[in-house]
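All remarks here apply to the structure that follows.
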Amino acid sequence: MTNMLKKRLQAGKACVNAWLAIPSGFSAEVMAQCGWDSVTVDMQHGVQDYQSMVQCFQAMDKHPITPLVRVPWNEPGIVGKVLDGGAWGVICPMVNNEAEARALASYALYPPKGKRSNGPIRAGAYGAATPYQATANDEVLIIPMIETQEAIDNIDAILDVPGISGIYIGPSDLGLSLGLAPRLDREEPQILAIYDKLVAACKKRNLFAGLHNGTASYAAKMIGKGFQFVTIANDSGLMAMAARAAVAQTRKEAGAVAAL
Ligand code: 3PY
Ligand code: MG
């Protein structure tokens with residue numbers, strides 16, 4: 001099995017990632033047809049549990065999309081279990097120092113590199129020519145979230161941990177950590193300078209930097225700044241945005257003929 005997202009990232013390409021908060025195989029199937037490089041099931045803040053994660057993955061299986069999970073926290077049980085369920089990468093919140101990055105890598109890698117327990121119940125597809133366990137350590141993406149001042153201060157030590165594939169910035173928690181409002185698509189010079197520093201630290205090591213964005217145009221701008229992995233909003237946010245725009249347009253255009 002080859003992790004297509006990892007291949008594209010290693011080739012220096014920019015990848016566009018979807019974010020699934022809705023616990024539904026059908027909405028995952030719809031999203032999977034939209035041209036994303038990868039799709040992340042959000043088990044931290046999304047309305048997702050393990051069962052809905054599996055349903056989302058099953059719905060996406062026939063599409064050329066890499067399945068990822070954001071786990072709720074840096075804990076061995078859930079990291080191993082989402083990989084067993086078929087995730088090809090783990091995005092982990094609030095990784096703030098070298099020890100936490102080492103712990104994350106150890107949960108996601110089989111011995112001798114780590115201490116992941118054997119049992120890829122869904123990930124180890126029946127009849128595959130190469131056993132899943134033989135290639136998993138080379139294919140799985142391990143992505144700590146950088147979203148606090150502490151993590152920024154420790155970025156070099158975090159990135160130097162063997163097994164770390166890249167980083168994913170959470171702009172709203174980063175804002176909270178710096179005494180600012182929690183939001184995406186930030187324009188504060190202080191934050192943009194942090195982004196530049198993090199992108200440069202990744203590039204120096206041939207690792208990728210990822211960012212959660214609220215809009216397509218901000219995501220495109222951030223690709224221009226060197227981010228290689230950009231998420232745009234999430235499924236429920238995109239649905240609400242399109243629905244609101246449709247209602248507003250209808251009211252506006254019909255306004256001349258009827259009081260809606
Ligand atoms: C944040 O903005 O804090 C996030 O975690 C986005 O995914
Ligand atoms: Mg966050």
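Couple of notes before you dig in:
- When Arg251 is tested against (1) under 29 Å from Gly35 (Cα atoms); (2) more than 16 Å from ligand 1 (Cβ to nearest atom); (3) open to solvent by 50 Å² or more (accessible area, probe 1.4 Å), only condition (1) is not met.
- For segment 59-80, a tally of residues being within 19 Å of Val16 (Cα to Cα), charged (D, E, K, R) and modelled with pLDDT of 95 or more returns 1.
- Test result for Ala219, within 11 Å of ligand 1 (Cβ to nearest atom), under 15 Å from the mean Cα position of the chain (by Cα) and small (Gly, Ala, Ser): no
- Condition met for Gly163 (in contact with a helix residue (DSSP H, G or I) (Cβ under 8 Å, 6 or more places away or on another chain), within 14 Å of ligand 1 (Cβ to nearest atom) and not charged (D, E, K, R)): no
- Looking only at segment 167-191, and only at residues there that are under 19 Å from Ala220 (Cβ atoms) and open to solvent by less than 10 Å² (accessible area, probe 1.4 Å), the one that is nearest to ligand 1 (Cβ to nearest atom): Pro171
- Here Gly77 meets the list (1) within 21 Å of Ile146 (Cβ to Cβ); (2) free of Cβ contacts under 8 Å to residues at least 24 places away in the same chain almost entirely, failing just condition (1).
The values are calculated or read from the model by the stated rules, or taken from the named source; none is laboratory data. What you see is a predicted model; the values in this text were computed from it and never measured. For neighbour counting, all protein chains shown are included, and Cβ atoms are generated from backbone atoms with ideal geometry for every residue, glycine included. For the accessible areas, the whole protein counts, side chains as well, though only heavy atoms, and no ligand, DNA or RNA atoms are used. Shrake-Rupley method; radii C 1.70, N 1.55, O 1.52, S 1.80 Å.
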